[in-house]
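See below for the structure under consideration.
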Amino acid sequence: MTQFDQLTTKRSGDVITSLLSDKDLIVASNRQPYAHTYEQTDGQRQIVVEEPAGGLTAGLDPVVQQTDGTWIAWGDGDADAAVTDEAGRVRVPPSDPGYTLQRLWLSDDEVDNYYYGYSNQVLWPLCHGFLANLRLIDQFWEQYCHVNTTFADAVADQAADDSLIWFQDYHLALAPRRVRSQVSENQFLMQFWHIPWPTWDTFRVCPHYDTLLNGLLANDLLGFHTERDCAQFLSCAAAGLDDATVDWPRSRIHYDGQWAVVRAFPMGVDASQITRLSGSPDARTFWQRFTNDHGIASDTAIVLGVDRLDYTKGIIKRLDALEYFWETHPEWREQMTYIQKASESRSKIPAYQAVQEEVTTAIERINRRFGTADWQPIIYTDDMLSRAAMAGLYHQSDVALVSSLRDGMNLVAKEYVAAQGDHPGVLMLSEFTGAHDQLGTHAVTINPYDTEGVVEMISTALTMPAAERRTRMRQLREHVESADLYAWMNTIFQTAQTLQDTEPTSLPDGTERLLSH
Ligand code: F6P
């Protein structure tokens with residue numbers, strides 16, 4: 001049975017199939033689902049394919065295959081151009097082609113200003129509320145507009161009358177408006193915003209707020225992770241656009257002749273795959289090798305952190321709390337090891353370089369301060385791990401420590417839950433993650449800014465009776481399994497279908513007056 005068969009029969013029923021069977025799905029995202037790169041093997045230069053790593057790309061891949069659709073993304077692999085046709089197209093997956101990946105070529109200047117610039121030094125800090133990291137530079141904005149146009153034109157070129165167009169994330173806020181101007185008015189456009197949406201007081205700091213809202217409101221359906229994000233988006237539209245009419249009860253906005261419906265779709269993970277991998281021989285082999293390599297004794301309690309090296313993840317605050325924990329709880333020295341699995345991210349940006357340096361410095365300091373001949377308090381790895389190895393790491397950890405200062409969702413929390421088995425661990429979860437809205441009741445809630453509070457909770461987690469751990473984890477698993485990645489996609493496609501069937505596209509006479517009172 002293929003992954004898609006499982007998805008359609010077990011997970012999504014007939015919904016995705018029936019919606020998409022007569023449709024052409026076009027996905028547009030900054031990141032591509034497959035990258036071709038050069039690799040040097042035995043003195044020979046070969047092209048290798050990097051498989052989809054993130055949950056979204058891996059999850060969407062079989063759906064796009066089913067529709068034989070098109071995925072439009074930035075071709076950032078160094079061998080990408082060598083395998084595409086003149087139009088930048090390549091059939092993927094390479095092993096069994098099922099759809100077209102349309103790669104867009106971005107110049108260094110475009111990447112610097114659109115990706116490293118506006119996307120990640122304006123929108124990212126703005127939406128996460130890190131205004132001190134905001135860098136408003138004209139060139140960032142110019143190239144963001146330009147690259148959004150490039151994406152939009154590629155989408156419009158590809159679109160047929162029955163296409164369902166799905167934009168992903170904050171890199172492409174302006175593209176929907178341009179696509180809207182080039183396709184028929186019946187075309188259904190939707191977008192999922194994977195990061196938080198800020199309050200109006202924060203959003204208004206951005207001088208381009210109205211253009212961003214104008215771009216996003218060309219979508220028929222706009223998805224966020226949480227109800228809070230939706231409410232904040234509606235407030236921003238109400239305050240930021242004179243011509244927008246917000247229908248609060250139905251969570252939709254009328255603007256420029258159409259409705260944009262705003263809905264929360266909390267994203268999930270491929271729970272069944274993670275659960276299966278967590279018990280696989282590869283997961284066990286990884287853990288044996290890892291504990292051998294790092295001299296971790298079998299009776300040591302393991303606390304785990306898994307993060308991109310991003311200032312929003314609260315890694316430094318977490319390390320501060322761990323340092324204070326070992327200082328105030330000497331009985332846990334040599335008894336508990338913290339593993340930090342990190343991945344380098346957006347390293348051209350000074351704020352990210354600073355995180356990398358601060359994390360390294362803090363870990364060295366803590367290891368020097370508490371380490372003994374037989375025990376290293378913190379083990380740091382930035383190795384690329386296979387999915388099975390990651391599942392093994394989650395499975396073996398007694399506690400997962402998710403301390404984001406702000407996070408749209410945080411899928412690490414859900415992956416950890418999915419990888420638990422017979423001896424479940426404890427999920428410590430920041431109340432400032434989207435995931436906390438769903439998992440907060442059965443996780444151990446932390447406020448990452450409150451160091452002493454986190455220390456107390458680490459102690460609570462490490463000493464929690466097995467029965468309580470099992471009860472909490474059973475509830476967490478029930479949620480993570482039922483609200484998985486496929487349920488997320490299913491709900492989005494189902495909502496799109498319902499809206500296409502029922503939602504009026506224009507504001508009935510007189511409604512505007514009623515709604516604004
Ligand atoms: O959280 C938003 C997001 O775009 C994720 O979808 C993705 O995993 C992460 O940020 C990584 O970002 P980048 O594409 O910049 O490496």
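Numbers for the structure displayed
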{"quantity": "Extension reserve of the residue 459-residue 135 stretch, reckoned as 0.36 nm per residue once the Cα distance is removed", "calculated": "112.7 nm"}
{"quantity": "Charge dipole of segment 69-168 about the Cα centre (unit charges at C-beta), most positive-ward option of 123, 90, 156", "calculated": "123"}
{"quantity": "Relative contact order of segment 271-483, defined on C-alpha pairs under 8 angstrom at six or more residues apart (%)", "calculated": "26"}
{"quantity": "Projected label distance in nm at residue 146 and residue 182, using a 7 Å step from Cα toward the beta-carbon", "calculated": "1.7"}
{"quantity": "For segment 304-410: span of alpha carbons on each principal axis (Å, largest first)", "calculated": "38, 31, 24"}
{"quantity": "Separation in nanometres of the label points that stand 7 Å from Cα toward Cβ, at residue 368 and residue 328", "calculated": "2.5"}
{"quantity": "Kirkwood hydrodynamic radius over Cα pairs of segment 182-331, then Stokes diffusion coefficient at 37 °C and 0.692 mPa s, in µm²/s", "calculated": "166"}
{"quantity": "The chain - accessible surface per residue (Å², probe 1.4 Å)", "calculated": "42"}
{"quantity": "Percent accessible area from carbon and sulfur atoms, the chain, protein chains only, probe 1.4 Å", "calculated": "45"}
{"quantity": "Per-residue SASA entry for residue 331, accessible area with 1.4 Å probe, Å² rounded to 10", "calculated": "110"}
{"quantity": "Distance in nm between pseudo-label sites at residue 248 and residue 85 (7 Å out along the Cβ direction from Cα)", "calculated": "5.3"}
{"quantity": "Long-range Cα-Cα pairs in segment 271-483 (distance over 28 Å), rounded percent", "calculated": "22"}
{"quantity": "Modelled FRET efficiency - R0 51 Å, residue 200 with residue 361, Cβ distances, 0.05 increments", "calculated": "0.85"}
{"quantity": "Euclidean distance of C-alpha centroids, segment 174-197 and segment 206-261, integer Å", "calculated": "12"}
{"quantity": "Size of electric dipole in the chain: Cβ of Lys, Arg +1 and of Asp, Glu -1, about Cα centre, debye, nearest 20", "calculated": "1020"}
{"quantity": "Euclidean distance between Cα centres, segment 341-357 to segment 399-413, Å", "calculated": "18"}
{"quantity": "Radius 15 Å from Cβ of residue 211, net charge of other residues (Lys, Arg +1; Asp, Glu -1)", "calculated": "-2"}
{"quantity": "Under 12 Å, Cβ to Cβ, from residue 410 - net charge with Lys/Arg +1 and Asp/Glu -1", "calculated": "-2"}
{"quantity": "Residue-count net charge about residue 135 - beta-carbon cut-off 15 Å; Lys, Arg +1, Asp, Glu -1", "calculated": "-1"}
{"quantity": "R0 of 25 Å, Cβ-Cβ distance residue 282-residue 41: FRET efficiency to nearest 0.05", "calculated": "0.70"}
{"quantity": "Histogram of C-alpha separations across the chain, 20 Å bin width, %", "calculated": "21, 55, 23, 1"}
{"quantity": "Added length on full extension, which subtracts the Cα-Cα distance from 0.36 nm per residue, residue 354 to residue 289", "calculated": "20.3 nm"}
{"quantity": "Spatial separation of Cα centroids for segment 427-471 and segment 30-46, in angstrom", "calculated": "40"}
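The values are calculated or read from the model by the stated rules, or taken from the named source; none is laboratory data. None of the values given here were measured: they were computed from a predicted structure. Note that each Cβ is placed from the backbone with ideal geometry, even for glycine, and that neighbours are counted across all protein chains shown. All accessible areas refer to the heavy atoms of the entire protein, side chains included, with ligands and DNA or RNA removed. Shrake-Rupley method; radii C 1.70, N 1.55, O 1.52, S 1.80 Å.
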